[in-house]
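Inspection log for the structure reproduced underneath, given as structure tokens.
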């Protein structure tokens, strides 16, 4: 039994390692950076952030992890279990740690401080990545191009731009993604979760980027400028649509209606042919446009 916190340990060796938590003793030093740890297992796990080793693999989707605990959390995604609910919004999570990090988006808490510039962060992993901005260290090199990165996760995300790999699959439809963050945003199209609330009106959005774009409608900001004329826009899609008006227009062969690009003509042609290529995976209803399917899935 620990004489300080009364925790019971399995043997004397475990007690010795546990006492370092109280004493602050960290005898196991990383040979690649200044980090030090109280337990050899913690050092072994940490070294994987340098080597990129991910020995724990999901048997369902082949996603891999450097530690067993993140793999266990990941498996709950496939099971659909989210027992930890946010008290501030409808969001729910597979583990209490992720819930705690999410709650900081509501409370604004940033408990992790950079010892160099005093900037604060909500997550320890974000602080770790930030610390490398104070040095020129970029140990994670891409094998396909000269790019190098400060952490293995960013390097792995970048490598997928070369390989086209999309390891993160949606459990509710056929969509797959190269990055976990994109999958998380996509899942909100199924759940209807809109955790990003506008402070100027009742509107809410599934992702932060959509909220920032929406706020321009209140502020009158139009930061996106056309390269061919003085027009400016609040939203990227509006700029994209406008730029097509400068290009050659394509006519529908049935009704002669004109469009700026061929893809718009193909979509329009479905009003003549009745084609509905997008099918709901839940009720099998078919729709002519992907955007209509997305709205229907909500």
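Observations, loosely collected:
- For the range 142-151, the set of residues classified as in a loop (DSSP other than H, G, I, E, B) and either in the same structural domain as residue 32 (by TED's automatic domain parsing) or within 17 Å of residue 32 (Cα to Cα) (or both) consists of 150, 151, listed by residue number.
- Condition met for residue 162 (in contact with a helix residue (DSSP H, G or I) (Cβ under 6 Å, 6 or more places away or on another chain) and either within 25 Å of residue 104 (Cα to Cα) or assigned by TED's automatic domain parsing to the domain that holds residue 93 (or both)): no
- One residue stands out among those in the range 253-273 that are surrounded by 16 or more Cβ atoms within 10 Å (Cβ to Cβ) and in contact with a helix residue (DSSP H, G or I) (Cβ under 6 Å, 6 or more places away or on another chain): the one that is modelled with the highest pLDDT, which is 259.
- Exactly one residue out of 156, 151 is crowded, with 17+ Cβ neighbours inside 10 Å, within 18 Å of the chain's Cα centre (by Cα) and under 17 Å from residue 63 (Cβ atoms): that is 156.
- Count - residues of the range 285-298 that are more than 29 Å from the chain's Cα centre (by Cα) and either exposed (fewer than 11 other Cβ atoms within 10 Å of the Cβ) or under 18 Å from residue 192 (Cβ atoms) (or both): 1
- Taking the numbered list (1) within 24 Å of residue 184 (Cβ to Cβ); (2) surrounded by fewer than 13 Cβ atoms within 10 Å (Cβ to Cβ) in turn, residue 54 passes all entries but (2).
- Residues of the range 12-33 that are within 30 Å of residue 138 (Cβ to Cβ) and exposed (fewer than 14 other Cβ atoms within 10 Å of the Cβ): 27, 29, 31, 32.
The values are calculated or read from the model by the stated rules, or taken from the named source; none is laboratory data. Note that this is a predicted model, so its numbers are computed, not measured. All Cβ positions, glycine included, derive from the backbone under ideal geometry; neighbour counts span all protein chains shown.
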